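Okay, structure first, notes after.
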Amino acid sequence: MIYNRIEDRLHTDNKKFKAIKYLFFFLLLFWSAGFLFPVLSPSFTGKPFVNQLLNYNYSIVCHQSESSQINFGNAYLLVCARCAGIYLGALFIIIIMLFNFLKLKLSLMPLLIFSAPLVIDAFAVRFNIYAYSKTIAFITGLLCGAIVLIYILETIENSFNLLYKRKYGLQ
Amino acid sequence: MDYNKYLPSIITGFGAAVLSTIPGIKNLNCCLIIPAAAFLSLYLYNKSTGNDSPIKLNKALSYGLITGLIAALFSSLFDILITFITHSNDLVVGLEQTEEMMHELNFGALMDASMEIMRTMVKEIEATGFSALYTVMITISNFFIFSVFGMLGGLLGMAVLNKKNRPKF
């Protein structure tokens, strides 16, 4: 009977974690759709008010320099290539994690390995070691965004497990 | 209530607000400044207490949230102050271009009304250096976005610090 209770409880905690994953997924989806808006809906691109509102919203988190924004014809994304990489990397990972394709217990090393290229690229461009490349910025952002979200979700999952274990005296 | 325990969040939040105002620094790693500040506040808290026990989820989220809120508060204040001194900001600079586009595209009455509000804000800023509506707009946006990014930084800080402090067998 106790075993059944624990099983039920574990099922509930998994549900909670799944809900958190869905929450992250929808938040990231809306956030990404926002900065992809000029590309996804070209008819709205020229509408100043919508464009201005979205532009202002993303200007809080991105410098939005035109030379570093990815463009498709005349339509520019509303964030720079690096930021676009970070958000799309995170979105890609949350989609994979929604289907439980990825279950990792990571040490700190992957975080350093995947984040280091972004930091090195940012400093190299800043100190004029090489010229800014949208492709490099996008790829390094992609790697960093993906790994950061994996760690964040793993932390939340571990916290849920710990809370559950404490509550039922399993630890 | 012990306010000293939130001192790391206040200091790092203020630091993040300063950094996010400086154009050169902002261009370096734009959206990572606030999460990095939240991470640093958790790290400083751990250092100040000398406690190696794992950080709990609520602590990570609250430290991240406070860092984000402090950063939003000071960032908005700096923005308002700079606007007040210079009588200009991104909205003032961008409005002319927006109006030109508007005239070319010839939108309806609703868009005209929206643009009228923006024109009023710009006029107020150019005349006095202050617009109440602009202040409310940037403050709400900053508080919302910075607090979300702060909490994400807190979670990342928790992941890293808990792994770092994990007992080795």
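Worth pointing out:
- Lone qualifier among A:112, A:153 - being more than 13 Å from the chain's Cα centre (by Cα) and at the interface with another protein chain (Cβ under 10 Å from one of its Cβ atoms): A:112
- For beta carbons closer than 6 Å, sequence separation of 6+ or different chains, a first residue in region A:150-171 that is without any contact (Cβ under 8 Å) to a residue 24 or more places away in the chain and a second that is assigned to a loop (DSSP other than H, G, I, E, B) and not small (Gly, Ala, Ser), the qualifying pairs are A:165/A:171.
- Residue B:45 vs. criteria open to solvent by less than 60 Å² (accessible area, probe 1.4 Å), aromatic (Phe, Trp, Tyr) and modelled with pLDDT of 90 or more: no
- Scanning region B:117-127 for residues that are away from every other protein chain (no Cβ under 11 Å) and either modelled with pLDDT under 80 or surrounded by 11 or more Cβ atoms within 10 Å (Cβ to Cβ) (or both) gives B:119, B:120, B:121, B:122, B:123, B:124, B:125, B:126.
- Tally of residues being closer than 23 Å to residue A:96 by Cβ and modelled with pLDDT under 65 across region A:1-29: 2
- Within region B:13-42, the set of residues being at pLDDT below 85 and out of contact with any strand residue (DSSP E or B) (no Cβ under 9 Å at 6 or more places or on another chain) comprises B:20, B:21, B:22, B:23, B:24, B:25, B:26, B:28, B:29, B:32.
- Apart from one condition, residue B:44 fits all of (1) without any contact (Cβ under 8 Å) to a residue 12 or more places away in the chain; (2) in contact with a helix residue (DSSP H, G or I) (Cβ under 7 Å, 6 or more places away or on another chain); (3) more than 14 Å from chain A (Cβ to nearest Cβ); the exception is (1).
- Test for residue A:129: is it β-branched (Val, Ile, Thr), more than 12 Å from chain B (Cβ to nearest Cβ) and without any contact (Cβ under 8 Å) to a residue 24 or more places away in the chain: yes
- Looking across region B:47-75, the residues that are under 18 Å from residue B:18 (Cβ atoms) and more than 10 Å from chain A (Cβ to nearest Cβ) come down to B:66, B:67, B:68, B:69, B:70, B:71, B:73, B:74.
- Boolean, residue B:19 is closer than 27 Å to residue B:137 by Cα and among the hydrophobic types (A, V, I, L, M, F, W, C): yes
The values are calculated or read from the model by the stated rules, or taken from the named source; none is laboratory data. On a predicted model such as this, the values are computed, not experimentally measured, just so you know. Reconstructed Cβ throughout: ideal geometry from the backbone, glycine too, with neighbour counts over all protein chains shown. Areas reflect the complete protein model, heavy atoms only, side chains present, ligands, DNA and RNA absent. Shrake-Rupley method; radii C 1.70, N 1.55, O 1.52, S 1.80 Å.
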